[in-house]
Amino acid sequence: MRELPVARKAKPAARPAPLHGVPLSVCLLVLGALLVLAILVAAAVGSVSVSVGDSWRIVWAHLTGSSPGVNRAYDQIVWNFRIPRVLLAALCGAGLAVAGVVLQALVSNPLADPFILGVSAGGSVGAVVVMALGAGALGGLGVSGAAFLGAMLAVGLVFLLGQQRGRLNPVRLVLAGVAISYVFTSITSFLQLQTEPNNMRQIMFWLLGSVSGAHWSQLRVAGIVVVVVTVLLTLYGRQLNALVTGDESATALGIDVKRLRILLIVLTSLLAGVLIAVAGGIGFVGLMVPHLVRLAFGVDHRRLLPLAALVGGIYLVIVDLLSRTVDPPNELPLNILTALFGAPFFIWLMRRDRSLANS
């Protein structure tokens, strides 16, 4: 007697993102307004309180060349100290989030972040060399220049080790990034043991990420790099969508996968390297924000990249505001709070999404 076929349990359909159907222009407008509001609030809050209205008048006056009509001391505090800091936090959040989105697609790993290429570890070595041994150790380079040089050196080594038979292999790339990161981290630890105790606080603050020393000259380079690289990566949104489906599918669509991977690595390394050079090793932003934006807005990279930039900017502005207000007059490094928020988020995400837990 022939056995009846057993009905297979159907896989549950993926839950659609709640804001997937909202037009991109509307999402950009709302998130852009929230980012501006977050910047104004963060510029108003501090040891010297300034109203949000006065904060807006000061910013508007400097942008238009008019008189703000507020206390001159408030004008100096908001424009010369707080606005550069808040804008640098927004740029770092935006850039790291965009780099995280691209790298998670590039290596097909939901746990990838901008530091998977050894960028953070390499930048840390360069910065700590200057802080521990003096600017003469690297030919007169400052902390930012040395950090960028170290970051690019680490990326170059990872890029060479990540190739297999002349082609970039995502698995080898990840393993090479982990290996190089450990090597550079050990060098950083050794340099810390050799430095004077007076330098340790400065080194630790840099390693854990901070925008407290921001000034207008830093914003020019960081702003140009973040805006230009984000626009370029967004233009490759369709190719990124194809890359996520697999190399064979992407090749069938006429995409040169090898060339695309090299281009994406160069752009994301440049983006992360510049930001680490000016703000130190800020973690979890490029790891957490891409997942958060995918859950809310969907997985189309043409939408995902610009929205992740705005969400990342808002997130890090809020984190920086908390870092200088939760324990006054002390200031916390950014990594303490990003890890505090990021770890519970991933625990929740793994419980919600079994595919992420199994990966």
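The values are calculated or read from the model by the stated rules, or taken from the named source; none is laboratory data. Given the structure is predicted, the values throughout are model-derived calculations rather than measurements. So basically every Cβ, Gly included, is an ideal-geometry build from the backbone, and we count neighbours across all protein chains shown. With ligands, DNA and RNA removed, areas are computed over all heavy atoms of the protein, side chains included. Shrake-Rupley method; radii C 1.70, N 1.55, O 1.52, S 1.80 Å.
Using 0.36 nm per residue of separation minus the Cα-Cα distance, give me the extension gain between residue 179 and residue 193 in nm, one decimal. Intermediate results must be reported in sequence, preceding the final value.
On the way: separation 14, 0.36 × 14 = 5.04 nm, distance 2.18 nm.
Once the chain is fully extended between residue 179 and residue 193, it gains 2.9 nm.
With +1 assigned to the C-beta of every Lys and Arg and -1 to the C-beta of every Asp and Glu, and no other charges, what is the dipole magnitude of the chain about the Cα centre in debye, to the nearest 20?
Working: 25 positive and 13 negative charges, 217 e Å.
With Lys and Arg at +1 and Asp and Glu at -1, about 1040 debye.
Quickly rank 280-292, 340-352, 115-127, 228-240 as a protection proxy: mean count of other C-beta atoms within 10 Å, highest first.
Values: 280-292: 25.2, 340-352: 13.2, 115-127: 29.5, 228-240: 17.8.
In decreasing order of mean packing, 280-292, 340-352, 115-127, 228-240 become 115-127, 280-292, 228-240, 340-352.
Based on alpha-carbon positions alone, could you give the equivalent ellipsoid semi-axes of segment 285-359 from the gyration tensor, as √(5λ), descending, whole Å? Write out the running numbers ahead of the final one.
On the way: eigenvalues 134, 56, 11 Å².
Working through the eigenvalues yields semi-axes of 26, 17, 7 Å.
Ignoring ligands, DNA and RNA, what accessible area per residue does the chain give at 1.4 Å, in Å²?
Values: 18000 Å² over 359 residues.
The answer is 50 Å² per residue.
Rounded to the nearest percent, how much of the accessible area of the chain (1.4 Å probe, protein heavy atoms only) is carbon and sulfur? Before the final figure, lay out each step's value.
Values: 11750 of 18000 Å².
Answer for the chain is 65 percent, counting heavy atoms of protein chains only.
To check my understanding: the extent here is largest minus smallest coordinate of the Cα atoms along each principal axis. What are those three numbers for segment 46-204, in Å, largest first?
Cα extents, longest axis first: 65, 41, 25 Å.
Divide by every residue of the chain the summed helix terms, -39500 (n - 2.57) for each DSSP H run of at least 4, and state the resulting mean residue ellipticity at 222 nm, rounded to the nearest 500 deg cm²/dmol. Show your work: numbers first, answer last.
Details: 16 runs with 250 residues, N = 359.
So the helix-based figure for the chain works out to -23000 deg cm²/dmol.
Extension gain residue 24-residue 326, at 0.36 nm per residue separation less the Cα-Cα distance, in nm?
Working: separation 302, 0.36 × 302 = 108.72 nm, distance 3.50 nm.
Taking 0.36 nm per residue and subtracting the Cα distance, the gain is 105.2 nm.
Report, in whole Å, the centroid distance computed from the Cα atoms of segment 241-270 and segment 201-233.
Going from one Cα centre to the other spans 27 Å.
On each of the three principal axes of the Cα atoms of segment 94-136, give max minus min coordinate, whole Å, ordered largest first.
41, 18, 12
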